[in-house]
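Enquirer: Sharing a structure here in structure tokens format.
FYI, it's all coordinate maths here, none of it is from the lab. Everything quoted here is computed from the prediction, not taken from an experiment. Using ideal geometry, Cβ is built from the backbone for each residue, glycine included, and neighbour counts are taken over all protein chains shown.
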């Protein structure tokens, strides 16, 4: 990891860009959100969670432990440090959720009634446009804060392992789509301006490549087995927290228990086959 080629850097950064700017896809979908069928969204959220959970436990944590094993001859110490970093990643994500108000926090699952209020054909006349626009802007800010460490996780993972980087980028891209909708919908229906709603949602995803670059240049001088072990442990914790705190509850709200478990199973299955495929290439 000490010698990183420009091609490797560009590949990792491109993945982070694509994952981050999938909020733009959500912004566009929000303009056509009159359909009340959320089954596909539910399966997609479950799929993303399945990918993240599987790759966290089957690949990322293993890489964290392997990195620590290069530093310590005793296996117990390496495993202990991996566990500490894993739960530190969960704690970091929980702390970010704690400091962001619940009403604008994209990781706070909405109830069915709250989700209905976001639909363009219901109750829009009862909500003041200024308050609705403010909700969208603060939601964009909250999503940006959450996306910062996610961008770093995607970028560093792709630098070390293209297969893991692609997997994480794909999963994050899926879960960023509804976040883009969460920003775009209130701003669009408050202002009637599609361009404004689109750019606010897009900017919320911009935090991912920014997080990648800031994290990379900050840690570059310290890159080694210890840094990789810590980073992969933290990444696994962040991914698992996102899955259980945001994706799975949201998948259940948008669909049913059956659509959620179908998405999880499909995500894990595809991820398992993908990891095997990458090793055969």
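Enquirer: Binning at 5 angstrom from zero up to the longest distance, how are the C-alpha pair distances of the stretch 207-281 distributed in percent?
Expert: 3, 12, 12, 17, 17, 17, 13, 6, 3, 0
Enquirer: Quick check: the distance between the Cα centres of the stretch 210-232 and the stretch 177-196, to the nearest angstrom?
Expert: 34 Å
Enquirer: Next question, about the same structure. How high is the FRET efficiency from residue 272 to residue 194, r the C-beta distance, R0 35 Å, rounded to 0.05?
Expert: 0.30
Enquirer: Still on this structure: Kindly put 273, 248, 15 in sequence by how many other C-beta atoms sit within 10 Å of each C-beta, fewest to most.
Expert: Taking fewest neighbouring Cβ atoms as first place, the list is 273, 248, 15.
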